[in-house]
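Undergrad: Right, I'll just put the structure down here and ask away after.
The values are calculated or read from the model by the stated rules, or taken from the named source; none is laboratory data. Everything numeric here is computed off the predicted structure, so don't read it as measured data. In this analysis, Cβ positions are derived from the backbone assuming ideal geometry, glycine residues included, and neighbour counts consider all displayed protein chains.
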Amino acid sequence: MNSTIAQLKERFEQALVAAFGDALAGTDPILVPASNPKFGDYQSNVAMSLTKRLGKPPRAIAEAIVQNLEVSDLCEPPTIAGPGFINLNLKLTYLEQQLRQMQADARLGIPPLKQPKRTIVDFSSPNIAKEMHVGHLRSTIIGDSIARILEFLGHDVLRINHLGDWGTQFGMLITHLKQAYPDALTTANALALGDLTTFYKQAKQRFDEDEQFREESRLEVVALQAGNEESLRAWHLLCEQSFLAFQEIYDLLDICVTNRGESFYNPLLPAVVEDLEQAGLLVEDQGAKCVFLDGFTNKEGNPLPLIIQKSDGGYNYATTDLAALRYRIQQDHAERIIYVTDAGQANHFTQVWQVARRANWIPDSVELVHVPFGVVQGEDGKKFKTRSGDTVRLKDLLDEAVSRARTDLETRLQEEGRQESEEFKSHVAEVVGISAVKYADLSQNRTSNYIFSYDKMLSLQGNTAPYLLYAYVRIQGISRKGGIDLSQFAIDCPIVLQEETELALAKHLLSFDEVLSAIEEDLMPNRLCQYLFELSQKFNQFYDRCPVLQAEEPQRTSRLVLSNLTARTLKQGLALLGIAVLERM
RNA sequence: GCUCCAGUAGCUCAGUGGAUAGAGCAACCGCCUUCUAAGCGGUCGGCCACAGGUUCGAAUCCUGUCUGGAGCGCCA
């Protein structure tokens, strides 16, 4: 099955050449979904854009295009409207045939990619010895969804968890570990997971207050970097404990990552410095080795340096990022590198990439993308905190969502007089709670800040996870009630589209590929949410107007197929958001 | 001081060059003897922050202003 819009584009390109000659070969036909359903399904705006170039009135251009346009297998005869819009209506027979093919295709008519790209998605990236908190929520959820979508399209994706597992903070952590938990170094599992936040706070407090502790910590950093065995053992211990805590969250969120932290690049840092030196970019300033940046100034208006090596010989995260960037291109052979971090790091990436480009490390074939997102805010519009003003632990946040989903469910069961097993209740509550958190985040344009509200995300009405899950459940209800295996219908099944709502649903189902290719380009998962929400709405409208099980043949089978396609598209689409479906709820 | 991001209905947000700017929530009015009403239909609601500019055409692109957020030399 070929993308309808791609086919139409080809036809328009041919028509443009046929009408106006080879000079117009490769002209974008500006073909887009119609701005309003009353104009049809698709429209081309190319005629207006060519008025100057061709020196003819747009309507005349549109007429010439339409005369040379061969789309009779796909569309009704095109019409020209307004200043020169060319409107297209898909033929019923074409839609019906496309739906039959979609029904027979395991990939719902999304063709496998011709040119998969080696892609790195760098996301989540929590810090060792700190628990994951609300600040990691967006990177983790958005990054996972982007990775899932690119994987589904056929790209070769490496999901990198760029953990904060190295740096000066380990001096105080190791020193504190040695002094406060001496057993931990000799006995397995002596350090409990939940202690990590407290542990970090204690270390930080001592570091801030105790001069001697500070000095010991400084020496510990040196020992760690020098490869001291005991220091490394302590460091490993902290990392292992943290991995376990992270994995608990990743399991709950159903997220898969490859752990490759900053420490991985340690051996590569001196080469970064050497190469920048050789490229003539390094300047020594106040004892630090820097690259002065184009287009960035400090508060005094002087050029801003990017510090590559500190005056004490240590390295910063910019150096690590440079090393990582080079490794990803040279060793991982990445062609597209996607960084999912908060918008506040935009400058940092621009700076690091500028240095990498000036050092000629980035081939033209490699695309670097920062996928920024806004901060999570409470309902008061301020930074999201607990009542006592602490950062919200991700575990607590997710538990709260699940527990609220559970309460809603139990209230509802009681109202309806339903009896369900404990297993059912806990499963539904978990899926609904986690889905709600994910969907609420993903459904917003990630670039703006995001106001976190349990009440809104768990609401049963509106653009929420429960609404979408319910649409899926309704379809499973039809299947159960009718005792029908919806997947049984083959490519030769009858499809008849008569009602308005059937037609609208059918057309929406067939545009799944368009939304996915848009996301492949701009990495905006909220487009997929919008698509799935509209799909659910259109299904509910269809469900409201069109009886399925009681319908006469051939409508009955046709409607069963439409329902099945909706369910499969919902399930696939939600899977790309990292959300599971339920059979009943 | 500089850089980046944002500003669209009462609220939360879609909409990055096309026709009369959309949705959800909230408010109000309807629809359950029929596949789960967690649904569907309707009403109300806009100076797209402001001012210029580019264009056949601007919420969308450019310039400036205002407001909010984030960041800006040895933390990540």
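Undergrad: Among A:Thr386, A:Thr391, which is the only one that is of a type in the set (Ser, Thr, Tyr) and either farther than 24 Å from A:Gly143 by Cα or at pLDDT 95 or above (or both)?
TA: A:Thr386
Undergrad: Of all residues in region A:548-557, which are under 24 Å from A:Val581 (Cα atoms) and surrounded by fewer than 17 Cβ atoms within 10 Å (Cβ to Cβ)?
TA: Residue satisfying the conditions is A:Leu549 alone.
Undergrad: Residue by residue through region A:88-116, note down the ones that are farther than 25 Å from A:Glu13 by Cβ and in a loop (DSSP other than H, G, I, E, B).
TA: Residues satisfying the conditions are A:Asp105, A:Ala106, A:Arg107, A:Leu108, A:Pro116.
Undergrad: Consider only pairs whose beta carbons are under 8 Å apart and that are at least six residues apart or on different chains; among these, list those whose first residue lies in region A:524-548 and is more than 15 Å from A:Phe512 (Cα to Cα) and in contact (Cβ under 8 Å) with a residue 60 or more places away in the chain and whose second residue is of a type in the set (Ser, Thr, Tyr) and more than 8 Å from RNA strand B (Cβ to nearest atom).
TA: These pairs meet every condition: A:Val548/A:Ser563.
Undergrad: If I filter region A:409-450 down to residues being in a helix (DSSP H, G or I) and touching a Cys at 6+ places or on another chain (Cβ under 8 Å), which single residue comes out as farthest from RNA strand B (Cβ to nearest atom)?
TA: Of everything passing the filter in region A:409-450, A:Tyr439 is farthest from RNA strand B (Cβ to nearest atom).
Undergrad: Limited to region A:16-46, what total is found for residues that are away from RNA strand B (no atom under 12 Å from the Cβ), surrounded by 12 or more Cβ atoms within 10 Å (Cβ to Cβ) and among the small types (Gly, Ala, Ser)?
TA: Residues flagged as away from RNA strand B (no atom under 12 Å from the Cβ), surrounded by 12 or more Cβ atoms within 10 Å (Cβ to Cβ) and among the small types (Gly, Ala, Ser) within region A:16-46 amount to 2.
Undergrad: So which pairs qualify, if the first residue must be in region A:312-328 and farther than 9 Å from A:Leu269 by Cβ and in contact (Cβ under 8 Å) with a residue 60 or more places away in the chain, the second must be more than 7 Å from RNA strand B (Cβ to nearest atom) and part of a helix (DSSP H, G or I), the Cβ gap must be under 7 Å, and the two must be at least 6 apart or on different chains?
TA: A:Ala324/A:Tyr265; A:Tyr327/A:Tyr265; A:Tyr327/A:Leu268
Undergrad: A further question on this structure: Name the helices (runs of 4 or more DSSP H) wholly inside region A:482-550 in which the number of residues that are more than 22 Å from the chain's Cα centre (by Cα) is 2 or more.
TA: Qualifying helices (runs of 4 or more DSSP H): A:500-509, A:526-545.
Undergrad: Here's another thing I want to ask about it. So the check is Cβ under 8 Å with 6+ separation or different chains; which pairs have a first residue in region A:565-584 that's in contact (Cβ under 8 Å) with a residue 60 or more places away in the chain and over 19 Å from A:Gln530 (Cβ atoms) and a second one that's among the charged types (D, E, K, R) and outside any helix (DSSP H, G or I)?
TA: Close Cβ pairs (under 8 Å, with a partner that is among the charged types (D, E, K, R) and outside any helix (DSSP H, G or I)) amount to A:Ala580/A:Asp254.
Undergrad: Hey, another quick one. When residues of region A:302-331 are filtered for being away from RNA strand B (no atom under 11 Å from the Cβ) and among the basic types (Lys, Arg), how many remain?
TA: 2
Undergrad: Something else: Checking the condition over 35 Å from the mean Cα position of the chain (by Cα), within 25 Å of A:Thr319 (Cα to Cα) and outside any helix (DSSP H, G or I), which residue from A:Gly167, A:Gly227 passes?
TA: That would be A:Gly227, the only listed residue that is over 35 Å from the mean Cα position of the chain (by Cα), within 25 Å of A:Thr319 (Cα to Cα) and outside any helix (DSSP H, G or I).
Undergrad: Kindly provide the set of residues from region A:487-504 that are of a type in the set (A, V, I, L, M) and out of contact with any Leu (no Cβ under 6 Å at 6 or more places or on another chain), ordered by number.
TA: A:Ala490, A:Ile491, A:Val496, A:Ala504
Undergrad: Taking region A:346-370 on its own, how many of its residues are closer than 21 Å to A:His333 by Cβ and either part of a loop (DSSP other than H, G, I, E, B) or among the aliphatic types (A, V, I, L, M) (or both)?
TA: 12
Undergrad: Can you pull out the residues in region A:129-143 that are part of a helix (DSSP H, G or I) and of a type in the set (A, V, I, L, M)?
TA: Hits for region A:129-143 are A:Val134, A:Leu137, A:Ile141, A:Ile142.
Undergrad: Could you check region A:88-110 and list, in sequence order, the residues that are among the small types (Gly, Ala, Ser) and surrounded by 16 or more Cβ atoms within 10 Å (Cβ to Cβ)?
TA: Hit for region A:88-110 is A:Gly109, nothing else.
Undergrad: Got a sec? Which of A:Glu284, A:Glu248 is modelled with pLDDT under 95 and either of a type in the set (Phe, Trp, Tyr) or in a helix (DSSP H, G or I) (or both)?
TA: A:Glu248
Undergrad: For region A:268-301, what are the residues that are within 9 Å of RNA strand B (Cβ to nearest atom), loosely packed, with under 11 Cβ neighbours inside 10 Å and not charged (D, E, K, R)?
TA: Within region A:268-301, A:Gln286, A:Gly287, A:Gly295, A:Thr297, A:Asn298, A:Gly301 meet the criteria.
Undergrad: Has region A:253-262 got any residue that is at pLDDT 90 or above, closer than 21 Å to A:Lys130 by Cα, away from RNA strand B (no atom under 16 Å from the Cβ) and in a helix (DSSP H, G or I)?
TA: yes
Undergrad: Taking into account only those residues within region A:451-469 that are assigned to a helix (DSSP H, G or I) and buried (at least 18 other Cβ atoms within 10 Å of the Cβ), which is nearest to the chain's Cα centre (by Cα)?
TA: If we take residues in region A:451-469 being assigned to a helix (DSSP H, G or I) and buried (at least 18 other Cβ atoms within 10 Å of the Cβ), then A:Ala465 is nearest to the chain's Cα centre (by Cα).
Undergrad: Hey, among the residues in region A:316-337 that are in a loop (DSSP other than H, G, I, E, B) and either under 16 Å from A:Gly167 (Cβ atoms) or among the hydrophobic types (A, V, I, L, M, F, W, C) (or both), which one's nearest to the chain's Cα centre (by Cα)?
TA: Out of the qualifying residues, it is A:Ala334.
Undergrad: State the number of residues belonging to region A:64-83 that are more than 10 Å from RNA strand B (Cβ to nearest atom) and surrounded by fewer than 17 Cβ atoms within 10 Å (Cβ to Cβ).
TA: Residues meeting the conditions: 7.
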